[in-house]
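S.K.: Quick one: the structure is below, and I'll ask about it shortly.
Nothing in this text is a laboratory measurement; each read-out follows from the coordinates by a stated rule. This structure is a prediction, so every number in the text was calculated from the model and none was measured. Quick reminder, even Gly has a Cβ in these numbers, built from the backbone with ideal geometry, and neighbours come from all protein chains shown.
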Amino acid sequence: MLANAHRMRAKVELTGNWGPEHKSMTAVTTIEALREEDMVVAQPTVGGLTRPLATNETLQMNFVDGAKRWEAETTALGRVILPSGGSSDKKLYGYRLAYPLEFRPSDRREDIRVTVGFDIAPKALLFYGGTTTGHKSLIIDISVRGAKVRTLDTVPKIVPGADLLVTMQLPDPVGTVTDVMKVMRVQASGNEGNLILGLAFSRPIALLEEFVASAATKRSQRGR
């Protein structure tokens, strides 16, 4: 299964206790090489920022092989320099990881995530850093476990791992959804001061199941 993940350049998730107060946070990487004594992965990133791995750090690994998601425990063994693949003298770094002793089928579900069209165009308010005035945002896509939003005004510096109080205004019968959401990814939106944020709900929002499924069906019908 690792060979398939390597060949297909599958996304590999590494979870460690890097967040505020040592809460778990997930970085993304790819497998660059499978060697006799270890495997080598590219420099992991969180929200577009590099995430160093400490030698002997224990990590949870997740990846998809075919239709099944697998999880395992691995250990970081140190940093290495990767071949650049060109004439550039720039050094590319990666990390050696120990081969897991066992792989387990993950019970983590791949939830339906739907891109929200302008015909729906739901809005969200983000409250951060104790502010009482919410920052207006547009929901780009959504699932029962999280959402991607684009801020519509300038916001203070937000980093992965931060908690935001988010109020979403969704069509009936869902209505208003309010939750403390974890920032998983941060990237610039192209407009100065505006951001695109990947957010995770504190718990799956069951009310969203029907809305997401209905929106996904409507989008697929438009594409026919």
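S.K.: Say R0 is 22 Å: what FRET efficiency, to the nearest 0.05, do Leu207 and Asp141 get from their beta-carbon distance?
M.R.: Working: r = 17 Å, r/R0 = 0.77.
Taking R0 as 22 Å, the efficiency between Leu207 and Asp141 is 0.85.
S.K.: Same structure, new question: Using a basic spin-label model with each label point 7 Å from the Cα along Cα→Cβ, how many nm lie between Lys123 and Ala200?
M.R.: Here the answer is 2.9 nm between the modelled labels.
S.K.: Here's another thing I want to ask about it. Expressed in nm to one decimal, what extension gain is obtained for the pair Asp65 and Arg9 from 0.36 nm per residue of sequence separation less their Cα-Cα distance? Present the calculation step by step, with values, prior to reporting the outcome.
M.R.: Working: separation 56, 0.36 × 56 = 20.16 nm, distance 1.08 nm.
Full extension from Asp65 to Arg9 adds 19.1 nm.
S.K.: Compute the semi-axes of the equivalent ellipsoid of region 1-59, taking the square root of 5 times each eigenvalue of the Cα gyration tensor, and list them largest first in whole Å.
M.R.: 22, 13, 9
S.K.: What net charge is computed for the residues neighbouring Ile196, neighbours being all others with C-beta under 10 Å from the C-beta of Ile196, Lys and Arg scored +1, Asp and Glu -1?
M.R.: On the way: positive: Lys148, Arg150, Arg185; negative: none.
Once all neighbours under 10 Å are counted, the net charge is +3.
S.K.: Once the mean 1/r over all distinct Cα pairs of region 143-210 is inverted, what Kirkwood radius in angstroms do you read off?
M.R.: On the way: mean 1/r = 0.0791 Å⁻¹.
Kirkwood radius, region 143-210: 12.6 Å.
S.K.: Moving to a separate point now. Quote to one decimal, in nm, the extra length available between Asn56 and Gln187 on full extension: 0.36 nm per residue of separation minus the C-alpha distance between them. Each step should come with its number before you reach the end.
M.R.: Details: separation 131, 0.36 × 131 = 47.16 nm, distance 3.02 nm.
Here the segment from Asn56 to Gln187 would lengthen by 44.1 nm.
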